[in-house]
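Notes follow once the structure below has been shown.
Read-outs: derived from the displayed coordinates by stated rules, not from any lab. Worth saying up front: this structure is predicted, and the values here are computed from it rather than measured. When we count neighbours, we look across all protein chains shown, and the Cβ atoms used for this are built from the backbone with ideal geometry, even at glycine.
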Amino acid sequence: MTGFTAIDIFSSGIRLATPYLYASIGENFGQLSGILNLGVDGIMLMGAYAAFFTTVKTGSLVLGLLAAGVVGALLGLAMAFISVTMKAEQGISGIGLYLFGLGMSELLFKKTLGEVQTVAGFAPVYIPWLSNIPVVGEILFRQNVLAYGAFALVPVSWFVLYKTPLGLKVRAVGQNPEGADSLGVSVARVRYLTVTIGGILSGIAGASLSIALLNVFQENLTYGMGFIAVALVYFGGWRLSGLLTGAILFSMVNALQLWAQVRGIKIPSEFALMIPYVITILVLAALAKRRIHAPAALNKPFERGEG
Amino acid sequence: MKEMDQRIVRVLASLTPVGAFLLAILIGAVMLVIFGANPLMAFRALVSGAFGNMNALADTLVKATPLLFVGLGICIAFRGGVLNIGGEGQLVVGALSAALICLNFPNWPGWALIMAALLGGLFAGAIYGGIAGFLKAYFNVNEILSTIMLNYIAVFGMNYLLRGPLIDPMQIKLGSFIPETARFPRATDLPRLVPTRLHLGVGIAILFAVLVYILLWRTTIGFRIRMVGKNIRAALGAGINVKGYMVLGLLLAGSLAGLGGAVEVLGVNHRMFTDGSAFGFTGSAGFNGIVAALFGQLHPVGTIPASIMLGALLTGANQMQRVVQVPSALVGALNGLIVVFVVGSEILRLRQVRRVDRTLRVASTPLSEEEKR
């Protein structure tokens, strides 16, 4: 591995941001409307499995991606039902959803595929002209479709959230559900929508691991990435620019750790692997004194005042 | 009559977890059918694998033990309004510190070494849970996220220790490098209760269930923990050190899980090992303990039968896997569903209780002037 250059590090850093971006942007939709979905990691695992299985069986990456989106949507709907209609405690029910996804994806994998195999995932697409720019082009414009999609999602969701009536409703429902309700906005419908969008994006985040980045599936493939994605939403202060910064920061840390291992730098690999989790805790603690507040209604079921 | 009604409501309320369990089992049966397995055969294998003979029963109780330790901690934490998802990591650090003590002081008398190892596990778990509590109380860090991150950190720490400084010298000599410690001195084996794998740890866990009950409902500290969990404003108003009690809740939860890890390693494995993830050692007890506590309605005594039931499910799943060829991961998925159903049905329960309360109140209070008109 002598050809592992700085450009390769940054390029893989950009690529590794893909799952973080999809999952945290999805989670951000839910949280802005007041729903904390902690089941992201479980949905990612199910999405990763669905995409992998479908791709192995049909040979079509597009169908695989679609399957991940559908599975993610179903699990998102389930989470919406639990948290909006049943008004369940969101933290614990998310953990339940995680355990379900963790067990179910392992069960299905063992029952339907059985052994670790690989697929030919989404290949890099060289963007004409741009990919020939030295350094910048090599880093940014030789990625796979899902990576481009993840970065394109940042401005798209910014537009939806801040420039459309729907986005206004989402944010209103998260800040002041009583007020939104009195203006005729259906709090429940908005929350169902955002949590389902979150589910779809989490499913795609899983697919980006199993059919674009790693091109394998195994039990517990995500190793807590979904939880880091939730932490990224706090880190980003519920703003898309913050999410983007956070996702790139984390993926660069991952890339550097890969690089250190390839170079045989003498730190035990276990400590290198620990870094993202330690940073997550430190970052969350460092944000304590910041003057950004979570959506006011986050993690609070909406109950129409009946007197 | 009134008391009668309330009693009926309470009985119905305590049955909701059972309903949640049955619903999960039903879904499990449907999945078995989809996989082409006979659900009746599968469940028969599961039950006989869990209760079929003395050994099976003993294994069920042994499996239930770490669940009970973690679950008891969850009872304290959840009652105190803090969510401890860090059972996995706390079990691991508890077991690791027990291992360190057993391997470093092999010449101590057995009972002293056992006591030291158990206390070591308890303290390690307390520190590990306490970190999350401290971060929540003073830095406003969501404890669910911090405890989950601490789980992964504990696993990597364990892998480092077991592949490096703590590895069994025999593994180096043989060149096989299996990441595990040497076997602990035999004097540290927890006594077996009957000629099965059942060990004293089961008794310790039940003893602690009683202690946790006394702590929560018979002491001022317990009252304050529950008050902070129930109504933080009232607790603040009453001058309770809310932040301190948040830390305490997670610290106690961590200490029980840490003790559970130490008991597990002294009672079952007699050495620490890793399969690279936490599951190899914990068997997901850190998560399943949450299921047990929720199932036991966050009551320490209720958590005992809940742990045994889940222990049976986990033990029986292995037999089921052999007989009908359905991976035991099925039980993991069903446990997730049980959590969702129990937490989700809470609203039904509350609604029902509230409705009856209201009718009772209306029936028992004289009409006000306004209502008379």
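Points to keep in mind about this one:
- Candidates A:Thr164, A:Gly174, A:Gly226 compared by Cα position along the dipole of chain A: farthest toward the positive end lies A:Thr164, with charges placed on Cβ.
- Remark: B:Asp59, B:Asp168 ranked as B:Asp168, B:Asp59, counting other beta-carbon atoms within 10 Å and listing the fewest first.
- Scanning residues 5 or more positions from B:Glu180 or on other chains, those with amide H under 5 Å from its amide H are B:Asp168, with H placed 1.01 Å from N in the peptide plane.
- Test item: Cα-centred dipole of the protein assembly as shown, Lys/Arg +1 and Asp/Glu -1 on Cβ, debye: 1060
- A Cβ-based charge dipole, computed about the Cα centre of the stretch A:14-222 with Lys and Arg at +1 and Asp and Glu at -1, lands at about 360 debye.
- Sorted by Cβ density within 10 Å, fewest first, the residues B:Met170, A:Met225, B:Met158: B:Met170, A:Met225, B:Met158
- Over chain A: helical MRE at 222 nm, DSSP H runs n ≥ 4 each giving -39500 (n - 2.57), nearest 500: -22500 deg cm²/dmol
- Sorting B:86-93, A:48-55, B:135-142 by their mean Cβ neighbour count within 10 Å, with the most densely packed peptide first, gives B:86-93, A:48-55, B:135-142.
- Each label was represented as a point 7 Å from its Cα along the Cα-to-Cβ direction; for A:Ile267 and A:Ala123 these points are 3.6 nm apart.
- Near B:His199, the amide H atoms lying under 5 Å from its own belong to B:Leu193; only residues 5 or more places off or on other chains count, and H is placed 1.01 Å from N.
- Proportion of all alpha-carbon pairs of chain B beyond 28 Å (%): 50
- Working value for the protein assembly as shown: equivalent-ellipsoid semi-axes of 38, 35, 25 Å, each the square root of 5 times a Cα gyration tensor eigenvalue, largest first.
- Ratio Rg/Rh [Cα only; Rh per Kirkwood] for chain A: 0.98
- A Förster radius of 22 Å combined with the Cβ-Cβ distance from B:Lys230 to A:Lys300 puts the calculated FRET efficiency at roughly 0.85.
- Shown for chain A are the DSSP H helices of 27 Å or more along their axis, judged by Cα atoms, with a mean Kyte-Doolittle hydropathy of at least 1.6: A:61-80.
- Ascending count of other beta-carbon atoms within 10 Å, so fewest first, for B:Leu68, A:Leu77, B:Leu190: A:Leu77, B:Leu190, B:Leu68
- Contact order normalised by residue count of the stretch B:38-325, Cα under 8 Å, 6+ apart, percent: 41
- Kyte-Doolittle at least 0.0, axis length at least 20 Å by Cα - qualifying DSSP helices, chain B: B:2-34, B:54-79, B:87-104, B:110-139, B:143-163, B:201-218, B:242-264, B:300-324, B:329-364
- Shielding by partners - mean other protein chain Cβ count within 10 Å, residues of B:152-165: 4
- Here the peptides A:59-69, B:206-216, A:162-172, B:289-299 are ranked by packing, the mean other Cβ count within 10 Å, and the order with the highest first is B:289-299, A:59-69, B:206-216, A:162-172.
- Shielding by partners for peptide A:225-231, expressed as the average number of C-beta atoms from other protein chains within 10 Å of each residue's C-beta, is 3.
- Taking the charge dipole of the stretch B:38-325 about its Cα centre, with +1 at Lys and Arg Cβ atoms and -1 at Asp and Glu Cβ atoms, the residue from B:Met320, B:His299, B:Ala50 reaching farthest to the positive side is B:His299.
- Only the Cβ atoms of Lys and Arg (+1) and of Asp and Glu (-1) were treated as charged; on that basis the dipole of chain B about its Cα centre amounts to roughly 720 debye.
- Note on A:80-89: average number of Cβ atoms from other chains within 10 Å of each residue's Cβ is 4.
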